[in-house]
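Have a look at the structure below, then the notes.
Throughout, read-outs are computed from the coordinates displayed, never taken from laboratory work. Given the structure is predicted, the values throughout are model-derived calculations rather than measurements. Ideal geometry is used to build each Cβ from the backbone, glycine not excepted, and the neighbour counts take in all protein chains shown.
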Amino acid sequence: MEFDSHVWRLLTVTTSLVNALTPGLDGGRPVTVPEGPALREVVAEAVRTDDYRRHPSRAEATAMADLARRVRPVFVSTEQEDLPAAAALVNALIEQTAPRPRLDGPEQGPFRLHFHGPDDSFERGWAAGIAAGLALAIGSDLAGRLGVCTAPDCDRVFVDSSRNAGRRFCSTRCQSRVKAAAHRARLRAHAP
């Protein structure tokens with residue numbers, strides 16, 4: 001099973017929002033939540049595609065930052081292989097956002113299943129879609145694909161799209177950092 005393009009898009013947006021809008025560490029560097037215009041720009045960048053450009057209001061961007069804080073524990077629970085906790089968090093989000101499935105596409109098709117909120121507002125639409133995307137991930141054989149970086153001094157999240165489901169790092173930067181540290185440790189161990 002693979003994530004379809006809409007679910008993949010929702011999960012990609014989710015990881016971008018969580019990584020940019022929740023405090024913690026990114027490869028040893030502190031992550032602080034942006035404020036004001038910077039917050040709006042981060043949210044706009046996270047949801048931007050070639051055919052979708054939306055600049056959220058301050059209230060919309062703040063709502064998305066709140067959503068990111070609520071979603072981060074889903075990745076943490078999944079990384080800890082606590083799928084019941086992850087499912088409970090996603091179920092609560094589904095109840096609050098009421099995602100509605102809808103077939104979207106050109107008049108003649110092909111149609112794609114998309115998820116919309118109970119209204120067309122920016123934050124409710126994205127929150128509903130993100131809740132549905134996480135539900136589809138956790139409710140499938142791809143549940144173990146949501147993770148938290150295992151590199152020291154990093155807690156950024158990711159969705160594993162590798163064939164063997166063996167991803168452990170949020171980025172190649174963290175992967176390289178860990179490999180370089182292991183290499184230096186081996187050299188020190190064999191040094192006279």
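If I model a spin label at Asp120 and Ala189 as a point 7 Å from the Cα along the Cα→Cβ vector, what separation in nanometres do I get? Label-label distance for Asp120 and Ala189, simple model: 6.1 nm. Taking amide H atoms as placed 1.01 Å from N in the peptide plane, the amide H of Asp82 has no partner under 5 Å among residues 5 or more positions away or on other chains.
Among the cysteines of the chain, those with no neighbouring cysteine Cβ under 4.7 Å are Cys174. Subtracting the Cα-Cα distance of Ser5 and Arg53 from 0.36 nm times their residue separation leaves 15.5 nm of extension gain.
What's the local net charge at Gly105, with K and R +1, D and E -1, over the other residues with C-beta under 14 Å away?
-2
Give the calculated FRET efficiency between Leu25 and Asp66 to the nearest 0.05, with a Förster radius of 25 Å applied to their Cβ-Cβ distance. Spell out each step's value before the answer.
Numbers: r = 21 Å, r/R0 = 0.84.
About 0.75, to the nearest 0.05.
The stretch 1-60 and the stretch 121-174 have Cα centres spaced 13 Å apart. Panel order for Val13, Val33, by other beta carbons found within 10 Å of each beta carbon, from fewest to most: Val33, Val13. For the stretch 152-159, backbone phi angles converted through the Karplus equation (6.51, -1.76, 1.60; θ = phi - 60°) give residue-by-residue couplings of x, 6, 8, 9, 6, 9, 7, 10 Hz, Gly and Pro being listed as x. Contact order for the chain, expressed relative to its length and based on alpha carbon pairs under 8 Å spaced 6+ residues apart, stands at 23 percent. Sequence-distant contacts, meaning Cα pairs under 8 Å at least 6 residues apart, place the relative contact order of the stretch 126-192 at 22 percent.
Counting other beta carbons within 10 Å of each Cβ, put Arg40, Arg53, Arg72 in order, fewest first.
Details: Arg40 19, Arg53 9, Arg72 23.
In order of increasing Cβ crowding within 10 Å: Arg53, Arg40, Arg72.
Hydrophobic, long helices, defined as DSSP H runs whose alpha-carbon span along the helix axis is 18 Å or greater and whose mean Kyte-Doolittle value is at least 0.5, occur in the chain at 5-21, 83-97, 122-138.
Springs between Cα atoms under 10 Å define the GNM used for the chain, and in it the highest mean-square fluctuation of Gly133, Gly109, Gly147 occurs at Gly109.
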